[in-house]
Amino acid sequence: MLRRLAVRLLAGAVVVGLLAACTPAGAEHPEPAAAKDVGVQLFHWTWDAIAAECPALAEAGYGWVLTSPPQEHVLGEQWWTVYQPVSYRVESRLGTREQLAAMTAACAEVGVDVVADAVVNHMTGQDEPGVGWAGSRYAHYDYPGLWSDAEGHFHHCGLTADDDISRYDDVVEVRSCELVNLADLATETEPVRARLREYLADLVDLGIAGVRIDAAKHMAPPDVEAIVADLPAQALVLSEVIRGPQEPIRPEEYLGAGDVLEFAWGRDVKGIVQGGALRLATELGSHEGSATYLPSDAAWIFVDNHDTERGRQTLSYADGQDYVLANVLMLASHYGRPIVYSGYAFSDRDAGPEQDGSGAVLPATCPEDAGPARAWADGEWVCQHAWPEIAGVVGWRAAVGPAGEDAQVQVDGRVVAFSRGERGWLVVNGNAEDVTSTFETGLLPGAYCDVVAGRLADGACTGQVVEVADGGHATVTVPARSAVAVHVGARQDG
Ligand code: ARE
Ligand code: CA
């Protein structure tokens, strides 16, 4: 039995005694919510591979995909070549314009949106002239038919020896000098803004439902607002503004352009998971948390992304079970909305994904045994989004829907339970040993299948069956450093 149950109410709801309420005999179970707010970043997946994966994503409960940048880019094996635009032709090592359009159509068919990474702060960073992926000739600060120094399309900040950003505590430097030598566009000027709007409009014509604004910190907020101004009202805008506690530029400044990525969550959850006091993760973003966070309704959180997994500021696939725990906490979080990350294994920070002789990226494939215990060879697609433990909890989140007035958190030492009224219940165990306890789940009586370790297949549960008795009580064994999740969409007796 959980002896002293610390019940913390979320969203200021007054729900005294809800968990103890008795269930009328024969009560109808609620329908799953079918919420679609979980995103997945398919880092360096080709357009064809994403199109092929979309049915499985929809089935698991993902609502949208974030792609890598789709425009023409510099040549080279490294992954980061796609972050150096040569033109806005939608032709890249990830696929052609036609393949991109086919991807958005295939994904739309199963209800999955596609959001593209938009690199609009800068162009290339090499000092030498070259030819881009689609054959466009270019030189640093000269992109024929597009941008040139002669027409004043670039900044030359004159504030540092090489015009590169050296200090993040200087706002003017960050926005008008060069991020690692990348030719910095004069985004405060109307011709530059207008051409960038045209590029984003083209992506929308191709079926793109939103954009990640790469390096948004390096543009003034009015510039970002002007660049996204013509996007459809419902388009998702995700500004990448890495929160630096000592920096003058705040992610909050970018809320006028849309939503913003909250980097603090992934950094903070790393220490919490490693320390085991998982209760602290439920306080991230709340008034009880110590850090300042973006307002929840405009914030997107993630355990890691392609930069942070390389920088080791966050957990990553290499952290195995800790990574699973962090993803479960993210998906159960009432703060912000979650983006699951999915990439390829690497030991060299610069190493690109597997490519053919021409440099085209080979289509991603997921190994059957993708999961936290597997050893990964460099270049293998890790497919975190398909790890059964993570995909199962994505399904849980889709079934329970956003945390409403009935959302509750119960804490007993290192065991934390998340209740979503009659729709679902989830428990995480930060201990190094299994914990068996009787919990008050808030669920209607029935037999529910744990979707972390198991699945419901043809009415049979391949994992632990959680028997919920009258009054919502259930005796559950929560594996060490793992979780159990049940919901109305996966009832063995349903
Ligand atoms: C590559 C080479 C460089 C070379 C350059 C030009 O590595 O040596 O000078 O090419 O030839 C990615 C890679 C870079 C790569 C670049 C272009 O990470 O290595 O450079 O592509 O190919 C800051 C920005 C933030 C940015 C991070 C990386 O604020 O916007 O740096 N993140 C995005 C993407 C990256 C991408 C770019 C931007 C560029 O997600 O993948 O770069 O398009 C503190 C600050 C942060 C700062 C961070 C790192 O935490 O708070 O704001 O992030 O330090 O400096
Ligand atoms: Ca800039």
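The values are calculated or read from the model by the stated rules, or taken from the named source; none is laboratory data. Predicted model, so just to flag it, every value in this text is computed and none were measured. Ideal geometry is used to build each Cβ from the backbone, glycine not excepted, and the neighbour counts take in all protein chains shown.
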Next on the checklist: Condition (residue is within 12 Å of ligand 1 (Cβ to nearest atom), among the aromatic types (Phe, Trp, Tyr) and buried (at least 20 other Cβ atoms within 10 Å of the Cβ)) applied to the stretch 88-106: is it met by at least one residue?
Outcome noted: no
Checklist outcome for this item: By residue number, the members of the stretch 372-386 that are within 15 Å of residue 341 (Cβ to Cβ) and over 15 Å from the mean Cα position of the chain (by Cα) are 372, 376, 381, 382
Next on the checklist: I want to confirm something. Restricting to the stretch 241-264 and keeping residues that are within 16 Å of ligand 2 (Cβ to nearest atom) and within 16 Å of the chain's Cα centre (by Cα), which single residue is farthest from residue 117 (Cα to Cα)?
Outcome noted: 242
Checklist entry - Residue check: is residue 325 of a type in the set (A, V, I, L, M), in a loop (DSSP other than H, G, I, E, B), under 24 Å from residue 431 (Cβ atoms) and in the same structural domain as residue 255 (by TED's automatic domain parsing)? => result no
Item to check | Residue check for residue 136: in contact (Cβ under 8 Å) with a residue 40 or more places away in the chain, away from ligand 2 (no atom under 16 Å from the Cβ), among the hydroxyl-bearing types (Ser, Thr, Tyr) and under 13 Å from residue 47 (Cβ atoms) | outcome: no
Checklist entry - Is it fair to say residue 116 is modelled with pLDDT of 95 or more, in a strand (DSSP E or B) and more than 14 Å from ligand 2 (Cβ to nearest atom)? => result yes
Checklist outcome for this item: Taking the stretch 153-211 and the residues there that are within 16 Å of ligand 2 (Cβ to nearest atom) and among the small types (Gly, Ala, Ser), the one that is surrounded by the fewest Cβ atoms within 10 Å (Cβ to Cβ) would be 158
Item to check | Selected residue (criterion: farthest from ligand 1 (Cβ to nearest atom)) from residues of the stretch 181-197 that are assigned to a helix (DSSP H, G or I) and either touching a Lys or Arg at 6+ places or on another chain (Cβ under 7 Å) or touching a residue at least 40 places away in the same chain (Cβ under 8 Å) (or both) | outcome: 191
Item to check | Flag if residue 207 is assigned by TED's automatic domain parsing to the domain that holds residue 80 and either more than 30 Å from residue 286 (Cα to Cα) or in contact with a strand residue (DSSP E or B) (Cβ under 6 Å, 6 or more places away or on another chain) (or both) | outcome: yes
Next on the checklist: Looking at the structure I just gave you, is residue 161 outside any helix (DSSP H, G or I) and under 25 Å from residue 75 (Cβ atoms)?
Outcome noted: no
Checklist entry - Restricting the search to the stretch 337-364, which residues are under 19 Å from residue 309 (Cβ atoms) and part of a loop (DSSP other than H, G, I, E, B)? => result 343, 345, 346, 347, 348, 349, 350, 351, 352, 353, 354, 364
